[in-house]
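Heads up, the thing below is written out as structure tokens.
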Amino acid sequence: MTRAEYCVVACAEAWRGAGEILASPMGLIPSVGARLARATFAPELLLTDGEALLVEADGSVAGWLPYRQHLELVAGGRRHVMMGASQIDRFGNQNIACIGDWHRPDRQLLGVRGAPVNTLNNPTSYWIPRHSRRVFVERVDLVCGVGYDRAAGARFHRLPRVVSNLGVFDFATPDRSMRLAARHPGVAVAEIVAATGFALTIPDEVPYTRDPTAEELRLIRAVIDPANTREREVGR
């Protein structure tokens, strides 16, 4: 089993027990993970092609999702999106807009886009393929996705998990700061700590990300991603 396959399983677990909601994975590994969840333990999950069609786990067309219905799902907390992050801090504030002072940034990125609406109106998880201190920062340069320290009163705000190429993180702490929930096999806790720009909450015992089952491996390798494109997205 490869690191990428552990990352797929970790992303899939974000949708376990989610019920009949719309999964909106952004990026290859989250997309493979959402399809894996749909094909195994979350058959009620709704997947789209990113436009107007509902699809099965293998990508075949299952139905039509009108834009007005999509907006109803988005506004009512019935979507779980997994986004990327150029920066993320201890409370889950995310930046995808710029690096440096936003008045005169050192680097222009995607822009704020739909991150505030996503995080305030839907459960939002994050996928970060290359875990480093440049991404996991003490304070983001610009808040796009809203973290726990800024979301008071937001009815549907929830950040279930952050998955990186090193491990899985959540916010199951008294002050809703980031906690190391699991590490991928072959990764030491010290490696994760060294690659993170703020103090994580570290439990006394940190479990490993669960192994994929034989059926999950078959689906990943033969049905969902037979071209093995997943390996190109995961940093070591």
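The values are calculated or read from the model by the stated rules, or taken from the named source; none is laboratory data. All values derive from a computational prediction rather than experimental measurement. Virtual Cβ from ideal backbone geometry, glycine too; neighbours counted across all protein chains shown. These accessible areas exclude ligands, DNA and RNA; they are computed on the full protein's heavy atoms, side chains included. Shrake-Rupley method; radii C 1.70, N 1.55, O 1.52, S 1.80 Å.
Translational D (Stokes-Einstein, µm²/s) of the range 1-137 at 37 °C and 0.692 mPa s when Rh comes from the Kirkwood sum over C-alpha pairs?
Estimated via Stokes-Einstein, D reaches 207 µm²/s.
Protein chains only, probe 1.4 Å: how do Arg176, Arg133, Arg183 rank by accessible area, largest first?
The residues order as Arg133, Arg176, Arg183, largest area first.
Where in the range 151-223 are there GluC sites (Glu not before Pro) that are in a DSSP coil and have at most 16 other Cβ atoms within 10 angstrom of their Cβ?
Taking the range 151-223 and a limit of 16 other Cβ atoms within 10 Å, the loop GluC sites (Glu not before Pro) found are Glu205.
What percent antiparallel are the DSSP beta bridges of the chain, to the nearest 5?
Of all bridge pairs located within the chain, approximately 50 percent are antiparallel.
Considering only protein heavy atoms and a probe of 1.4 Å, how much of the accessible area of the range 1-119 is carbon and sulfur, as a whole percent?
Using a 1.4 Å probe with all protein chains present, the range 1-119 comes out at 52 percent carbon and sulfur.
Please work out the FRET efficiency for the pair Tyr67 and Ala190, using the Cβ-Cβ distance as r and a Förster radius of 45 Å; give the result to the nearest 0.05. Numbers along the way, then the final one.
Details: r = 48 Å, r/R0 = 1.06.
About 0.40, to the nearest 0.05.
Could you report the range 121-236's accessible area per residue, 1.4 Å probe, as an integer in Å²?
On the way: 5700 Å² over 116 residues.
In whole numbers, the range 121-236 has 49 Å² accessible per residue.
How many percent of all Cα-Cα pairs in the range 1-64 sit more than 15 Å apart?
Pairs farther apart than 15 Å: 44 percent.
Taking K and R as +1 and D and E as -1, what net charge do the other residues with C-beta under 14 Å from the C-beta of Tyr208 add up to?
Net charge in that neighbourhood comes out at -2.
For the range 96-200, what class follows from the C-alpha gyration tensor (a ≥ b ≥ c being the square roots of its eigenvalues): rounded when a/c is under 1.5, otherwise prolate if a/b is larger than b/c, else oblate? Each step should come with its number before you reach the end.
Numbers: a/c = 1.91, a/b = 1.21, b/c = 1.59.
Oblate, because a/c is 1.5 or more while a/b does not exceed b/c.
Net charge near Val163, counting Lys/Arg +1 and Asp/Glu -1 over other residues with Cβ under 14 Å of its Cβ? Please list the in-between numbers first.
Working: positive: Arg3, Arg16, Arg130, Arg161, Arg179, Arg183, Arg210, Arg230; negative: Glu5, Glu13, Asp170, Glu233.
In short, +4.
Only one of the values (i) 22.0; (ii) 12.8; (iii) 13.8 was calculated from this structure for mean projected area of the Cα convex hull in nm²; name its label.
Recomputing mean projected area of the Cα convex hull in nm² here gives the entry labelled (ii).
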